[in-house]
Amino acid sequence: MTTARDLAIVVLDVAADKPVEQGDLSLVLAGAEVLDLLEAHALALDGDRILPLAPSPTGDRLLDEAAEALVRQEPYESVEDWLWRRGRGLSAAYVDDLERVGLTARSRGRRIPLRTGRTELVDSAARRQAEERRAAGEPVLAALVSAAGIGDEPAGELADDAATVLAAVGDAVMELEAVRQRKVIEDAAFDNVWRGY
């Protein structure tokens with residue numbers, strides 16, 4: 001299993017108690033993919049720039065798509081640019097992929113059996129593995145879960161490359177939250193103008 005898939009499983013597991021914004025999750029999943037590709041030696045970091053290496057299949061469909069999506073021309077893409085580009089709609093892609101491989105199922109409606117409800121995890125080895133990684137407090141997964149807004153800040157040390165990626169993820173999530181807050185303020189101001197007429 002990949003860190004990105006384990007993260008998606010962990011978030012789905014706790015989503016009923018602590019909902020996560022899809023945009024936040026997409027950015028964090030894109031960061032997890034960078035970390036997985038670093039581990040698979042499909043890329044290297046030069047400061048905050050992503051340097052693609054020789055592509056090699058990882059065995060995970062979404063991670064292979066991520067490797068193919070790397071910018072292969074100079075100047076190479078920054079981690080932050082990657083997060084925004086790759087993260088667009090990524091949380092939905094992971095939910096769909098988990099359902100495709102049989103790790104989730106949609107609960108059925110009580111009155112109308114064909115209407116589907118929310119996505120729920122099924123009991124599986126992948127779910128248990130993701131829960132074990134989270135319970136063990138693995139620093140990278142814990143930092144990603146924290147960036148998604150559902151966990152505490154990890155106490156463990158991180159490698160330089162992981163710290164670079166996680167800092168970019170944290171900045172991107174904060175930037176997205178600032179955009180949301182600005183939109184709320186602008187909408188409230190617009191409503192106040194209309195009330196004045």
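The values are calculated or read from the model by the stated rules, or taken from the named source; none is laboratory data. Source: prediction; values computed, not measured. Positions of Cβ are generated from backbone atoms using ideal geometry, with glycine treated the same way; all protein chains shown enter the neighbour counts. Areas reflect the complete protein model, heavy atoms only, side chains present, ligands, DNA and RNA absent. Shrake-Rupley method; radii C 1.70, N 1.55, O 1.52, S 1.80 Å.
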Legend entry - Exclusive hit being modelled with pLDDT of 75 or more, of a type outside the set (V, I, T) and over 30 Å from L51 (Cα atoms), set D152, D160, D123: D123
Inset, instruction - Can you confirm whether the range 78-97 contains a residue that is closer than 17 Å to T164 by Cβ, out of contact with any Phe, Trp or Tyr (no Cβ under 9 Å at 6 or more places or on another chain) and of a type in the set (S, T, Y)? - result: yes
Inset, instruction - Specify which of the listed residues (L51, L45, L38) is among the aliphatic types (A, V, I, L, M), part of a helix (DSSP H, G or I) and more than 22 Å from L121 (Cβ to Cβ). - result: L38
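Do we find a residue being among the aliphatic types (A, V, I, L, M), at pLDDT 85 or above, buried (at least 16 other Cβ atoms within 10 Å of the Cβ) and in a helix (DSSP H, G or I) anywhere in the range 99-118?
The answer is no, given that none of the residues of the range 99-118 is among the aliphatic types (A, V, I, L, M), at pLDDT 85 or above, buried (at least 16 other Cβ atoms within 10 Å of the Cβ) and in a helix (DSSP H, G or I).
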Legend entry - In the range 13-35, the residues that are part of a helix (DSSP H, G or I), of a type in the set (D, E, K, R) and either farther than 18 Å from D96 by Cβ or at pLDDT below 90 (or both): D13, D24
Inset, instruction - Quick one: in the range 61-98, of everything that is open to solvent by 40 Å² or more (accessible area, probe 1.4 Å) and of a type in the set (F, W, Y), which residue is nearest to G23 (Cα to Cα)? - result: W84
Inset, instruction - Looking only at the range 149-167, decide whether some residue is assigned to a helix (DSSP H, G or I), touching a Gly at 6+ places or on another chain (Cβ under 8 Å) and free of Cβ contacts under 8 Å to residues at least 40 places away in the same chain. - result: no
Inset, instruction - From D6, D24, D48, grab the single residue that is within 16 Å of L83 (Cβ to Cβ), buried (at least 22 other Cβ atoms within 10 Å of the Cβ) and touching a helix residue (DSSP H, G or I) at 6+ places or on another chain (Cβ under 9 Å). - result: D24
Inset, instruction - Run T58 past the list (1) among the polar types (S, T, N, Q); (2) open to solvent by less than 30 Å² (accessible area, probe 1.4 Å); (3) under 19 Å from L141 (Cβ atoms) and report the number of the one that doesn't hold. - result: (2)
Legend entry - Condition broken by A8, with the remaining ones in (1) under 14 Å from T119 (Cβ atoms); (2) part of a strand (DSSP E or B) satisfied: (2)
